[in-house]
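Participant: To start, I am sharing the structure in question, which I have written as structure tokens.
The values are calculated or read from the model by the stated rules, or taken from the named source; none is laboratory data. Just so it is clear, the structure is predicted and the values come from calculations on it, not from any experiment. Backbone-built Cβ (ideal geometry, glycine too); neighbour counts: all protein chains shown.
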Amino acid sequence: MSNTTHLTPPGKSSGWIWVQSDLQLAQPGRAISVLGNAVQDAAGLDIRIDGVWCLGDALCGIREDDLDEVAMASIDLLESLGVPVVYLLGNHEMDVREKSGRNVFPIFNHTAGRPGWHTQAELDDFFFERMCFGTRVCFMGDHADRRPDGTWFVQHHRVAGEGYPHDDSSWNRLRDEIAGAVEPVLTVSHYAYPGGQRPGELIARLLPLPATVITHLHGHAHIGDMVWNREHPYRRENPIDGTTVKQYNISALEDVRSAGSHTAFLRFENGVPVEIRTRCHIERRWVESFSIGGAGARVSPND
Ligand SMILES: [Fe+2]
């Protein structure tokens, strides 16, 4: 655990991370335009970010030329910010795998091991950890059999196919590691825990949540999506079943299923995450602010 890679300079305990998810636009021009607008807005803020976290569904669809075009443009746009980038796979990164059985993951393939990028070391890893401002961060994306003739993949944090190698004991070991961490822990995924919106199946294996976990960030359940996120379509702060810890839905960048183009900025202070602010990049305005772990967190409720 002590050898965990640092995302931010060791010893730096305060700062900001830009967290985004669900660009999820199949038309390349639209996707690149929406991400470009968000990057321009983020770069113009007074906030100096020390990293970007992309929580998945950055790509969608099965047209491989289009996927490559969006992937390369996204890499260029995010690298223009000059800070480390974390990338997780979501359910739509599995679109080609689901339809054709082929491992086509353009952003992952271009960024695994690329300087300045942090993602799972292998396609079949079910988590990876980094240190950020003194907090231990556990990232959990979708994943897949790395073999060209692989027999399984995980989409919606649910196993499809045969031969999945990570059983209950794998998840129990991760939960024990998190529970034994000497640092505060933040968990991050494309998916919510049960209690949140459109929760994933595998992530539920981390419950009961270790007391070291301060909060959880996720995407997938696009805010304002009246088709797939109907129950509380505008509620970004939700409980985690069995705990008093809150989880936060930071999606979505796309501007079709949700009204606006939203991301979040996460502030760390003295080694712990303390605040999350959501922003609409179309209206160029802050939408909500939540005090993590604090009482009376919601500043401007809209649900
Ligand atoms: Fe998703």
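Yes/no per residue for (1) hydrophobic (A, V, I, L, M, F, W, C); (2) part of a loop (DSSP other than H, G, I, E, B); (3) over 18 Å from residue 110 (Cα atoms); (4) modelled with pLDDT under 95:
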{"position": "40", "(1), (2), (3), (4)": "no, no, yes, no"}
{"position": "51", "(1), (2), (3), (4)": "no, no, yes, no"}
{"position": "59", "(1), (2), (3), (4)": "yes, yes, no, no"}
{"position": "75", "(1), (2), (3), (4)": "yes, no, no, no"}
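Participant: Within segment 70-87, does at least one residue satisfy the condition of being under 22 Å from residue 222 (Cα atoms), within 16 Å of the ligand (Cβ to nearest atom), touching a helix residue (DSSP H, G or I) at 6+ places or on another chain (Cβ under 9 Å) and not polar (S, T, N, Q)?
Facilitator: Scanning segment 70-87, I find at least one residue that is under 22 Å from residue 222 (Cα atoms), within 16 Å of the ligand (Cβ to nearest atom), touching a helix residue (DSSP H, G or I) at 6+ places or on another chain (Cβ under 9 Å) and not polar (S, T, N, Q), so the answer is yes.
Participant: In the set 208, 233, 239, which member is over 29 Å from residue 11 (Cβ atoms), modelled with pLDDT under 95, away from the ligand (no atom under 16 Å from the Cβ) and surrounded by fewer than 23 Cβ atoms within 10 Å (Cβ to Cβ)? So that I can check it myself, show each step before the final result.
Facilitator: Working: 233 fails: away from the ligand (no atom under 16 Å from the Cβ); 239 fails: modelled with pLDDT under 95.
That would be 208, the only listed residue that is over 29 Å from residue 11 (Cβ atoms), modelled with pLDDT under 95, away from the ligand (no atom under 16 Å from the Cβ) and surrounded by fewer than 23 Cβ atoms within 10 Å (Cβ to Cβ).
Participant: Here is a follow-up. For segment 245-295, what are the residues that are assigned to a strand (DSSP E or B) and among the acidic types (Asp, Glu)?
Facilitator: First, the residues of segment 245-295 that are assigned to a strand (DSSP E or B): 246-249, 262-269, 272-280, 285-291.
Answer for segment 245-295, where residues must be assigned to a strand (DSSP E or B) and among the acidic types (Asp, Glu): 269, 275, 288.
Participant: Do you know which residues across segment 115-135 are touching a helix residue (DSSP H, G or I) at 6+ places or on another chain (Cβ under 8 Å) and either over 20 Å from residue 191 (Cα atoms) or at pLDDT below 95 (or both)?
Facilitator: 116, 117
Participant: Among the residues of segment 133-168, write down those that are assigned to a loop (DSSP other than H, G, I, E, B), without any contact (Cβ under 8 Å) to a residue 60 or more places away in the chain and within 30 Å of residue 10 (Cα to Cα).
Facilitator: The answer is 143, and nothing else.
Participant: Now, a different point. Show the residue pairs meeting these rules: Cβ distance below 7 Å; 6+ apart or different chains; first residue within segment 212-225 and touching a residue at least 24 places away in the same chain (Cβ under 8 Å); second residue among the basic types (Lys, Arg) and more than 14 Å from the ligand (Cβ to nearest atom).
Facilitator: Filtered contacts from segment 212-225: 215/246; 223/236.
Participant: Then there's this: Look through segment 87-119, keep the residues that are touching a Leu at 6+ places or on another chain (Cβ under 8 Å) and among the polar types (S, T, N, Q), and return whichever of them is nearest to residue 149 (Cα to Cα).
Facilitator: Only one residue fits best here, namely 103.
Participant: Ok, one more. Outside any helix (DSSP H, G or I), within 16 Å of the ligand (Cβ to nearest atom), of a type in the set (A, V, I, L, M) and touching a residue at least 24 places away in the same chain (Cβ under 8 Å): does that describe residue 47?
Facilitator: Working: outside any helix (DSSP H, G or I): yes; within 16 Å of the ligand (Cβ to nearest atom): no; of a type in the set (A, V, I, L, M): yes; touching a residue at least 24 places away in the same chain (Cβ under 8 Å): yes.
For residue 47, the condition - outside any helix (DSSP H, G or I), within 16 Å of the ligand (Cβ to nearest atom), of a type in the set (A, V, I, L, M) and touching a residue at least 24 places away in the same chain (Cβ under 8 Å) - is not met.
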